[in-house]
Amino acid sequence: MNGSQQPQRQGVWALGFSAAAEPLLAQLQAAGLVDSCLQAEQLEEHWPQAEAFVLVAACGLVVRRIAPLLQGKTLDPAVVVLDPEGRFAIPLLGAHRAGGEALCQRLAALLGCAVVATGSSSGRGQLALDTFGLRWGWRPGPGGDWNTLMQRAARSRDPLPVLQEAGNRSWRQLGAATGLEDWQPQAGSPAAMLVTARRGEGCRWHPPCLWLGLGCERHTSLALLERLVEEQLQAAGLASEAVAGLASIDRKADEPALLELARRRQWPLRWFTAHELNAVAVPTPSAAVAAEMGTASVAEAAALLAAGPGARLLRPKQVEHHRGEERGAATLAIAQAREQWAPSQGQLHLVGSGPGRLDLLTPDARRALAEASVWVGYGLYLDLLEPLRRPDQLRCDGQLTQERARCQQALDLANQGLNVALVSSGDSGIYAMAGLALELWLAQPDDGRPGFTVHPGLSALQLAAARAGAPLMHDFCTISLSDRLTPWAVIEQRLRAAASGDFVVALYNPRSLGRDWQLGRARELLLQGRPPSTPVVLARQLGRAEERVSIHTLGDLPIAAVDMLTLVLVGNSTSRSTDGWVVTPRGYPGAELT
């Protein structure tokens, strides 16, 4: 970043130098953390093209093997060392710029190993100023002496002045963002680091906050579009690294030059209908454009729409005609997002945290949490995961009953280009956040959505069954007794169906101070389809220090002992309790198992 760019590399390769490494290598490849495993003699062959290596061996052996291959700090791949037992992950080379520490964090999520980070920033629990912006969706400027900045941050006792003019400002709340202060114009010295859309000297991070609205004649040449973009960005003093994407009218979705410009610059494209564009107020509408396209503005309206809520027009439309061998004509406008807006760059991960104990968290969920820049969730659930959160990860607490607000907050952050983990207890797809988050996500246009992934977690139903023995060996169902979102008449209909169908039933949200009669009514309905001797498991605070599991019968169920932290698991007519265990046979009397 100090004048020389990281080479374009691809692939994370793993290799070991003894047979003892083979089980660990197989685990890494099976989990998808590495692209392939190599033979030891292939290290030199893949070194020039690889993004990173995971080497399972002693550090001394690794140092001797890679020493002849080293070219320079900005040219070498990341190298992470694992011991054969998978206890420690060491970012030996390229910890910051090449992504070695980030790779170690993914390995730690999978293996449960400790990350041994020896860098100055990591050791002090502070941000690595030369790379932290990548986690916030930012791009570094082409200039700036980042090495000197990092040395200054390590040695200086005085706070470093930072000027932020664009982008999400929540990163200043991070525990790792110590040693920084807002730059004051009267300070007399320049800011040590800038977060801005403007081009210029110094160490600069450019958030994805600029959207270019483009309109053009049919078959306009690519050279004209490239020239128009560069001239207008330069005239406005804006950095191309701050461009989040291009936008235009959907009638141009097959325009070759527009598509090629987006491909070359790796800028996403947003398309809007004439109806959508015509609803946007712009400073320079055109009657001629309206007659031709059905909207009074293409470039300005498209830029404003693509830049998201609260966008402002930085540069009104500029029209450029062909020169020399160029063809056609084009119009460009530039809008800036309120903070930053890059939906196609963001990721929204629905993470099921399980019942709360960290050893019951799935490796898939651990990995999603490790890679996220922001965690959003109810405070109690985030508290249980807090030992896994690093100082460079932001925590956003929400209230218990404000599920929609939490989902919207997480989606808004993902729309800004961030990697966001929206945390639920148990499994996020069972009475949790996945459904509401997906509805909100689907309400956005399909070319303006972040990535969306659901990571399953261990549900209370599964853990309760494991604690009690084997009560779910035949057909079962789950019913929530909360009538906050479902009318009680519908809940009662489902209870009757479960009773007549002889399902094993898991009752969620069984009883609270304001709903103290519903569980008794549910028992009455279930007794219509099974005997009073039917075993019932009460599982409270599963997976936590206060966990308590007890076995009763449907006839003598201690309703007063049940609260919202309890799962009630009711057997079917064949379930039985013996010696403190509950089992539901796989078949009914007379059935033959093969």
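Figures for the structure shown
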quantity: Identity of the residue in the range 96-111, small (Gly, Ala, Ser) and over 19 Å from residue 74 (Cα atoms), that ends up surrounded by the most Cβ atoms within 10 Å (Cβ to Cβ); calculated: 109
quantity: Odd one out for residue 448, checked against (1) buried (at least 22 other Cβ atoms within 10 Å of the Cβ); (2) assigned to a loop (DSSP other than H, G, I, E, B); (3) in contact with a strand residue (DSSP E or B) (Cβ under 7 Å, 6 or more places away or on another chain); calculated: (1)
quantity: Matching entry among 110, 212, 160, 127 (being touching a helix residue (DSSP H, G or I) at 6+ places or on another chain (Cβ under 7 Å) and modelled with pLDDT under 90); calculated: 110
quantity: Strands (runs of 3 or more DSSP E) wholly inside the range 138-230 containing at least 2 residues that are crowded, with 17+ Cβ neighbours inside 10 Å, among the small types (Gly, Ala, Ser) and in contact with a Ser or Thr (Cβ under 9 Å, 6 or more places away or on another chain); calculated: 210-216
quantity: Any pair with Cβ under 8 angstrom, 6 or more apart, that starts in the range 451-469 at a residue that is in contact (Cβ under 8 Å) with a residue 40 or more places away in the chain and under 23 Å from residue 367 (Cβ atoms) and ends at one that is surrounded by fewer than 19 Cβ atoms within 10 Å (Cβ to Cβ) and among the small types (Gly, Ala, Ser); calculated: 454/429; 456/429
quantity: Of all residues in the range 534-549 being of a type in the set (Val, Ile, Thr) and surrounded by 20 or more Cβ atoms within 10 Å (Cβ to Cβ), the one that is farthest from residue 569 (Cα to Cα); calculated: 534
quantity: The range 241-250, residues that are surrounded by 18 or more Cβ atoms within 10 Å (Cβ to Cβ) and not hydroxyl-bearing (Ser, Thr, Tyr); calculated: 241, 242, 243, 244, 245, 246, 247, 249
quantity: Residue 432 being at pLDDT 95 or above and of a type in the set (A, V, I, L, M); calculated: no
quantity: Single condition residue 346 does not satisfy, out of (1) touching a His at 6+ places or on another chain (Cβ under 7 Å); (2) of a type outside the set (S, T, N, Q); (3) modelled with pLDDT of 95 or more; calculated: (1)
quantity: Qualifying residue in the range 352-359 (condition: of a type in the set (D, E, K, R) and either assigned to a loop (DSSP other than H, G, I, E, B) or modelled with pLDDT of 95 or more (or both)); calculated: yes
quantity: Test: residue in the range 553-560 that is closer than 16 Å to residue 474 by Cα and assigned to a strand (DSSP E or B); calculated: no
quantity: Looking only at the range 317-335, and only at residues there that are in a strand (DSSP E or B) and surrounded by fewer than 16 Cβ atoms within 10 Å (Cβ to Cβ), the one that is farthest from the chain's Cα centre (by Cα); calculated: 321
quantity: Among (1) assigned by TED's automatic domain parsing to the domain that holds residue 382; (2) touching a residue at least 40 places away in the same chain (Cβ under 8 Å); (3) surrounded by fewer than 24 Cβ atoms within 10 Å (Cβ to Cβ); (4) not in a loop (DSSP other than H, G, I, E, B) - the single one residue 414 does not satisfy; calculated: (3)
quantity: Qualifying residue in the range 196-218 (condition: farther than 26 Å from residue 413 by Cα and polar (S, T, N, Q)); calculated: no
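The values are calculated or read from the model by the stated rules, or taken from the named source; none is laboratory data. These numbers come from a predicted model, not from an experiment. For neighbour counting, all protein chains shown are included, and Cβ atoms are generated from backbone atoms with ideal geometry for every residue, glycine included.
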